[in-house]
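Only one structure is covered here, and it is reproduced in the block below.
The values are calculated or read from the model by the stated rules, or taken from the named source; none is laboratory data. Being a predicted model, the structure only gives us computed values, none of them experimental. Neighbour counts run over all protein chains shown; Cβ positions are idealised from the backbone, glycine included.
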Amino acid sequence: MPSATASTNSSLSFRIAEFETLVDGLDYAASGETGCNFFTPRGELQAALTYREIRDRAVALAQRFTRAGVERGSRVALVAETSPDFLIFFFGCQYAGLIPVPVPLTIHLGGHDAYVERLRSMIGKAGAQIAVGPAEMLHYLKEAAGGLKMIGTPADFYDLPAEGGDLRPFAGHEACYIQYSSGSTSLPRGVFVSQRAITSNARGIGQHGLALRSGDRATSWLPLYHDMGLVGFCLTPMLSQITIDYLATKSFALRPLTWLKLISQYGGTISFSPTFGYDLCATRGLNGSAKTIDLSRWRVAGIGGEMVRSETLDRFAQTFGVTGFSPKAFLPSYGLAESTLAVTFASLDKGIEVDRIDQEHYTHTGNVAPVPIKVNSKKANGANRAARSFVICGAPMPDHEVEVRSEKNDRLTDHHVGRIVVRGPSVMDGYYNDPAATAAITTPDGWLDTGDLGYMIDGRLVVTGRRKDLVILNGLNIWPQDVEWAVEALEDVRGSDVACFSVIETDGNERMIVVLQCRLHDVAARENLRKRVAATVRRTCGADCRVVLVPPKTLKFTSSGKLSRSAVKADYISGELSDLNLAFTEHDDSAPAYSEQRS
Amino acid sequence: MQWTADKVQEEVVKLLRPFNPKGIEITSDTDLSADLFMDSVAAMNLVMEIEDRFEIDIPISLLPDVNSLQDLVDVVLAQLSKG
């Protein structure tokens, strides 16, 4: 039985992300006793590696890569399982001067073809020469990219000879890794993260956002192919010699309480999740574990990765208050992969702070119209005005700046909703091998346009929604184009017949809508098509949607002939789209009462 | 206990009941996505039920190749045979 790594180093002094490269940080952490622990689906310790062991194995692997003649700067696709092998390969690449490209796992029933297509486009766009994945996934990699120089399991690479292989680690001004967390399958966009960007971001997170202290311990089930998992719960803790306890994402999805049990058992002080993770735990409840779970040491319960929803977090705090969980531990944040990970953090030890606004005014004003008029919560004037709360995501990290701009790129004053733009050392140099996509999200004066909407109050950011078309359901990022293309490939459907978007319903939940121009006249045939569309969407992205069948020529297009999802969505919200087979639609009683979302 | 293919199928069909509120007839060819409307959240819940019932671990890397009930039963049998 392994024993878990310690939370503190006995003699190594604590340095929070003061390093110029990942290799410098890992070399330093390797002098202590902290490290990474991996747990089984039921929360038993499976493997424990100190940072010294991770470093030594990464160095040995790097020598194998160079001995095998892999050119410096080559890209290496890594299936990002939550496993010791992933860390060893990620850091092995750093010592060998190779650029790791974490690629995702998938959980969609029957999603084989969509998954292979996704891998193919990611590996192809990165120009990877090498792909590494666990044995049971090699067939996907081979099908996606059979022509690569080397495809194998971790063991295949450990078997290569090491003798005489050089180390040629990246310097501070060089590359670090490619992060795929934005972009559709059809047009994947890999964020090219430099050593400067990752170490700057880790410094902001560690020194400012979390104010890490010696003895802190991180706990994570976040996937390592997402920025929050990789940067927040792998690279930043490593650069600060913090021990991490890992639970695989699937294990969390199946048994969310295992996450909390690990925090309790090992004394985790820092853990993050998108809102839906807290929701999952609150829904399952304590399940009789109240006496055995102690969450009183959990000092930072971060929220990021999607819109922060205060009602869900309140529910979590109520459910788990009995375990000693303090709602003051909640730490809202805002960030995106294009800025490595983090941009803003709320203040520590304050919990969730919300800005209450006038719902009606917000709904009826344009993007940059003055909002919000403060609603007097004591109902002093006009008691019936509906209020809506947005969570305040805090101020930018030191050396980073956030502004809210109009469509014309003018800076907006407080309480005016507009485009959120970011500047600072964590911002990527660009998407890998994609200058056009990079230019499209860069303002004329060189700021990163995040694609999100929000407003400022006293230097603090409030995020209100996304301007870009991305759909996020249960933490899954779904690109409407992927859904539209999959549906358009069906029989009886033509190209440009489909529009996919999401709406926020009054309960705060996001729901995906697929509007389809239907040319079938037979009622039963239409219902059959509806079923096929829903099944295709599920196989493509693992999510449910509401399918709306409309007559031809209903969808709206821009003057340049591009589908205008925002115009179709506006028609949907206003009730102008009615289903051809109204009697057969299942959920009409719940439609459409939306609290949002102008685009 | 020794699990036969028929017995595994019978158990999996039982575990599928909560995911089949309309009570459609389930056969080996039933498509979990198309016929039972299982999204990824439902799939995760089903995987948990199956893991607990058979005391096995189902690697998620197998799920993309699971379309029908038969595919799912085959996965369970394969994992059972690994002990």
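Worth a mention:
- Top-ranked residue of region A:88-120 - restricted to ones that are over 22 Å from the mean Cα position of the chain (by Cα) and farther than 20 Å from residue B:72 by Cα, ranked as nearest to the other protein chains (Cβ to nearest Cβ): A:88
- Hey, residue A:483 touching a residue at least 60 places away in the same chain (Cβ under 8 Å) and touching a strand residue (DSSP E or B) at 6+ places or on another chain (Cβ under 8 Å) or not: yes
- Test result for residue A:447, touching a strand residue (DSSP E or B) at 6+ places or on another chain (Cβ under 9 Å), farther than 27 Å from residue A:202 by Cβ and not hydroxyl-bearing (Ser, Thr, Tyr): no
- Which numbered condition residue A:565 misses (of (1) charged (D, E, K, R); (2) in contact with a helix residue (DSSP H, G or I) (Cβ under 8 Å, 6 or more places away or on another chain); (3) under 26 Å from residue A:276 (Cβ atoms); (4) within 14 Å of chain B (Cβ to nearest Cβ)): (4)
- Residues of region A:520-552 satisfying the condition of being part of a helix (DSSP H, G or I), over 18 Å from residue A:480 (Cα atoms) and more than 9 Å from chain B (Cβ to nearest Cβ): A:523, A:524, A:525, A:526, A:527, A:528, A:529
Here's the yes/no breakdown for (1) in contact (Cβ under 8 Å) with a residue 12 or more places away in the chain; (2) under 21 Å from residue A:87 (Cβ atoms); (3) among the aliphatic types (A, V, I, L, M):
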{"residue": "A:214", "(1), (2), (3)": "yes, no, no"}
{"residue": "A:225", "(1), (2), (3)": "yes, yes, no"}
{"residue": "A:264", "(1), (2), (3)": "yes, no, no"}
{"residue": "A:267", "(1), (2), (3)": "yes, no, no"}
{"residue": "A:280", "(1), (2), (3)": "yes, no, yes"}
{"residue": "A:293", "(1), (2), (3)": "yes, no, yes"}
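- Counting the residues of region A:89-124 that are touching a helix residue (DSSP H, G or I) at 6+ places or on another chain (Cβ under 6 Å), surrounded by fewer than 23 Cβ atoms within 10 Å (Cβ to Cβ), closer than 25 Å to residue A:254 by Cα and not β-branched (Val, Ile, Thr) gives 2.
- Answer from A:133, A:146 - the residue that is more than 16 Å from residue A:87 (Cα to Cα) and either surrounded by 13 or more Cβ atoms within 10 Å (Cβ to Cβ) or at pLDDT below 95 (or both): A:146
- Residue match in region B:48-56 (condition: under 30 Å from residue A:529 (Cβ atoms) and surrounded by fewer than 19 Cβ atoms within 10 Å (Cβ to Cβ)): no
- Some residue of region A:325-341 being modelled with pLDDT under 95, among the hydroxyl-bearing types (Ser, Thr, Tyr) and at negative phi: no
- Residue within region B:20-29 that is buried (at least 16 other Cβ atoms within 10 Å of the Cβ), away from chain A (no Cβ under 14 Å) and either at pLDDT 90 or above or not in a helix (DSSP H, G or I) (or both) present: yes
- When region B:36-58 is limited to residues that are hydrophobic (A, V, I, L, M, F, W, C) and in a loop (DSSP other than H, G, I, E, B), the one that is farthest from residue A:537 (Cα to Cα) turns out to be B:56.
- Selected residue [within 14 Å of chain A (Cβ to nearest Cβ), among the hydroxyl-bearing types (Ser, Thr, Tyr) and in a helix (DSSP H, G or I)] from B:33, B:61: B:61
- Residue within region A:489-497 that is within 30 Å of residue A:417 (Cα to Cα), touching a strand residue (DSSP E or B) at 6+ places or on another chain (Cβ under 6 Å), crowded, with 17+ Cβ neighbours inside 10 Å and not assigned by TED's automatic domain parsing to the domain that holds residue A:229 present: no
- All conditions in (1) surrounded by fewer than 22 Cβ atoms within 10 Å (Cβ to Cβ); (2) at pLDDT 95 or above; (3) not aliphatic (A, V, I, L, M) hold for residue A:259, with the sole exception of (1).
- Only one of A:243, A:269, A:249 that is over 21 Å from the mean Cα position of the chain (by Cα) and more than 19 Å from residue A:329 (Cα to Cα): A:243
- Flag for residue A:245 being at pLDDT 95 or above, surrounded by fewer than 20 Cβ atoms within 10 Å (Cβ to Cβ) and outside any helix (DSSP H, G or I): no
- Residues within region A:59-82 that are surrounded by fewer than 23 Cβ atoms within 10 Å (Cβ to Cβ), under 25 Å from residue A:127 (Cβ atoms) and of a type outside the set (D, E, K, R), tallied: 7
- Any hit, region A:558-567, residues being within 18 Å of residue A:471 (Cβ to Cβ) and either at pLDDT 85 or above or among the aromatic types (Phe, Trp, Tyr) (or both): yes
- Among the residues of region B:64-83, those that are within 7 Å of chain A (Cβ to nearest Cβ) and either in contact (Cβ under 8 Å) with a residue 24 or more places away in the chain or assigned to a loop (DSSP other than H, G, I, E, B) (or both) comprise B:66, B:67.
- Residue that is under 20 Å from residue A:95 (Cβ atoms), hydroxyl-bearing (Ser, Thr, Tyr), touching an Asp or Glu at 6+ places or on another chain (Cβ under 7 Å) and buried (at least 22 other Cβ atoms within 10 Å of the Cβ), where the choices are A:199, A:219: A:199
- Of all the criteria given as (1) more than 7 Å from every other protein chain (Cβ to nearest Cβ); (2) at pLDDT below 90; (3) within 25 Å of residue A:536 (Cβ to Cβ), the one not satisfied by residue B:2 is (3).
- Residue check, residue A:207 of a type in the set (S, T, N, Q), part of a loop (DSSP other than H, G, I, E, B) and either more than 30 Å from residue B:49 (Cβ to Cβ) or without any contact (Cβ under 8 Å) to a residue 24 or more places away in the chain (or both): no
- Counting only residues that are touching a strand residue (DSSP E or B) at 6+ places or on another chain (Cβ under 7 Å) and of a type in the set (S, T, N, Q), region A:514-544 holds 1 of them.
- Residue check, residue A:286 in a loop (DSSP other than H, G, I, E, B), over 22 Å from the mean Cα position of the chain (by Cα) and within 19 Å of residue B:48 (Cα to Cα): yes
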